[in-house]
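Student: Once you've had a glance at the structure underneath, I'll fire off some questions.
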Amino acid sequence: MKRFYAIFVAMLVGATSLFAQTNYTVTFKANVTMDKIQVKNLQSGVTKTLNKPDNVITLQKNAKQSGTPIESVDQFEFLQQTASNEVVVNMEKAGRLNLMLYSSNGTFVTRYANNVDAGPNAFQIGASSGMYVLVASANNQTASLKILLTQSTEPSILEVLTSKPEPMLKSVNDVITFDEGDEFEFTGYYYSQTKVETLHSAFITSDKQIRFSFTKISAPTVTTVEATNVTSSSATVGGNVTNDNGTSVTERGVCWATTDNPTVSGNKIVSGKGTGSFSVTLSSLSAGTTYYVRAYAKNNEGTSYGTTITFTPNIIVNGAIQKAFSVSATKKVYFSQGNLQYQASTKTWRFAEHQWDIVGDDTKGTVYENGTKCDNSKISSTYSGWIDLFGFGTSGYNNKYPYMTSTDDLDYYSSSYTNIAGTNYDWGVYNAISNGGNQKGLWRTPTADEMEYLLKTRTNASSLKGKGTVNNIPGLILLPDGWETPSSVTFTCNPNNLSTNVYSQDEWAVMQSYGAVFLPYEGNRGGSSGKEVFAVDQYGYYWMGSTGLYKNGCQLTLANNGSVGNYNTHYGFCVRLVQYVK
């Protein structure tokens with residue numbers, strides 16, 4: 001009589017050898033508890049994955065006899081399918097029968113191992129519909145059979161996997177078979193988001209221990225860069241994600257506040273994901289308010305921050321760089337954003353857009369108008385270009401015009417004229433500066449005494465000035481009271497070396513946001529015609545208010561950091577205006 005057995009899907013709790021052949025045990029060791037291990041036979045493509053493994057897998061060498069596999073003389077008689085979910089094993093004699101059921105991709109499903117009687121023994125297969133491989137071994141006979149199940153019997157393997165998938169894969173031992181010469185790939189995973197390490201091992205001929213080395217996954221590494229392009233209401237800020245530390249950066253950006261240590265729970269701007277540099281623009285800022293900014297980056301391990309930087313959106317607030325400079329024991333001033341410039345054809349006064357801008361002559365200078373380079377030597381009452389070298393007190397008051405070229409000092413003198421500061425002869429007092437508030441009286445020329453105090457007497461005066469080059473223009477750098485050098489640039493007080501402090505436009509934007517003032521070397525105008533331009537890039541001459549026939553100016557050269565002296569009033573010098581700090 002045919003004996004009928006049921007093969008039901010069950011969790012693998014201790015696989016034994018399919019063919020009583022040589023087994024090798026591979027033990028996995030790691031410096032952390034591994035999330036899973038994947039073992040792949042590179043020749044057959046068979047892969048086993050152990051979730052939260054007990055770190056042991058058995059490699060089972062396929063059976064060989066005289067170079068050919070053991071198989072029955074007539075597989076059809078030994079093992080056959082009689083119905084969609086029924087197979088029959090015909091035993092020549094009673095003995096132990098091993099049945100192993102695999103899915104079509106080689107994944108183990110279930111097994112049967114027990115003694116059976118001689119003759120036909122029928123088995124019902126409990127699995128979901130699909131293609132399977134059944135391997136039977138008994139009495140030195142081995143056969144395999146592809147089985148197509150068109151209907152399922154309970155319990156269904158799909159139902160089991162849907163409700164609880166891990167137990168089938170987790171085991172004290174698992175088995176993967178190989179032929180001699182096969183190579184294996186072992187891949188360890190730690191925190192399932194990252195494939196940590198893959199090890200290749202040639203054919204295994206003995207028990208083996210595989211060691212995995214893992215790098216701890218942590219929050220990203222990010223730095224903050226200094227603010228640039230600071231205006232009265234906006235600034236460019238950003239950062240650099242230098243390392244994702246083991247798992248992808250899912251968000252990066254900047255956060256800011258008006259108090260220290262801003263976080264992503266407050267104001268923030270997102271700037272993409274991944275590693276690398278990034279920048280964003282902060283807008284709608286309040287002039288005069290100090291902002292605290294730091295870059296941040298996120299991954300699955302957390303959020304990290306760069307160092308906090310600060311800036312105050314005050315640059316071009318009425319044309320002023322609003323960092324204070326002491327000009328006496330009781331007075332402080334703000335410097336204008338650039339040298340004073342004049343266009344005779346429109347009778348317009350303005351501050352240069354950048355501190356390094358100079359008109360110069362027809363060979364040097366950085367200011368262009370309608371594609372044509374401006375030139376101080378073309379000075380006239382109708383010149384449509386810009387000039388920035390003026391005779392002393394040529395504000396336009398009392399017929400002392402900025403385009404005067406007379407070489408007679410007395411032409412620049414008035415009997416009622418006692419001091420340029422505080423009088424109509426002062427460019428800032430008498431004129432509205434178009435980009436400096438556009439009202440008369442907002443600006444004035446510093447006096448000789450004030451400049452002497454700033455250059456030589458104020459606290460730390462000697463360390464708050466130095467030669468430098470900005471955007472390829474040489475000049476003198478003045479630093480405000482209480483200066484703190486930004487982390488992204490350097491400054492050295494050196495009175496005789498222009499190459500010590502060299503700044504690009506972006507680097508100077510950082511310096512300027514911290515209050516640095518640059519007085520470019522623009523030379524002077526004079527000569528026999530009153531129009532000749534001398535010493536551009538070599539000397540800087542700046543007018544200051546004083547008394548006497550020969551008025552005071554400040555000379556800046558490579559040999560010093562600013563000296564005050566008396567100069568002929570008809571010379572054309574630069575003008576840098578200031579306003580009192582109220």
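Coordinate-derived values only; no laboratory data. Keep in mind the model is a prediction, meaning the values are calculated, not measured. Note: ideal-geometry Cβ built from the backbone for every residue, glycine included; neighbour counts use all protein chains shown.
Student: Per the Kirkwood treatment, what hydrodynamic radius in Å, one decimal, follows for region 320-580 from the mean inverse distance over all distinct Cα pairs? If you can, show how the numbers build up before the last one.
Tutor: Working: mean 1/r = 0.0552 Å⁻¹.
By the Kirkwood definition, the hydrodynamic radius is 18.1 Å.
Student: In Å, what Kirkwood hydrodynamic radius results for region 221-311 from the alpha-carbon pair distances?
Tutor: Values: mean 1/r = 0.0774 Å⁻¹.
Final number for the Kirkwood radius of region 221-311 is 12.9 Å.
Student: Using 7 Å Cα-to-Cβ label points, what is the Ala535/Lys331 separation (nm, one decimal)?
Tutor: Those two pseudo-labels are separated by 2.6 nm.
Student: What list of ³J(HN,Hα) values in whole Hz, one per residue of region 571-576 in order, does the Karplus curve 6.51 cos²θ - 1.76 cosθ + 1.60 (θ = phi - 60°) give from phi, with Gly and Pro shown as x?
Tutor: Along region 571-576, the couplings run 5, x, 10, 6, 10, 10 Hz.
Student: Which of Lys48/Lys208; Lys36/Lys208; Lys323/Lys364; Lys364/Lys467; Lys373/Lys531 have a Cα-Cα distance over 27 Å?
Tutor: Working: Lys48/Lys208 17 Å; Lys36/Lys208 18 Å; Lys323/Lys364 30 Å; Lys364/Lys467 20 Å; Lys373/Lys531 16 Å.
Violating the 27 Å limit, Cα to Cα: Lys323/Lys364.
Student: In whole angstrom, note down how far apart the Cα centers of region 477-495 and region 284-339 are.
Tutor: Here the two parts' Cα centres lie 15 Å apart.
Student: For Ser218 and Thr281, what is the calculated FRET efficiency with R₀ set at 41 Å and r taken between the beta-carbons, to the nearest 0.05? Display every interim value, and only then the final one.
Tutor: Details: r = 30 Å, r/R0 = 0.74.
Calculated transfer efficiency: 0.85.
Student: Would you mind getting me the FRET efficiency between Asp506 and Thr310? Use the beta-carbon distance for r and R0 = 22 Å, nearest 0.05. Walk me through the numbers before you get to the answer.
Tutor: Numbers: r = 18 Å, r/R0 = 0.83.
Here the calculated transfer efficiency is 0.75.
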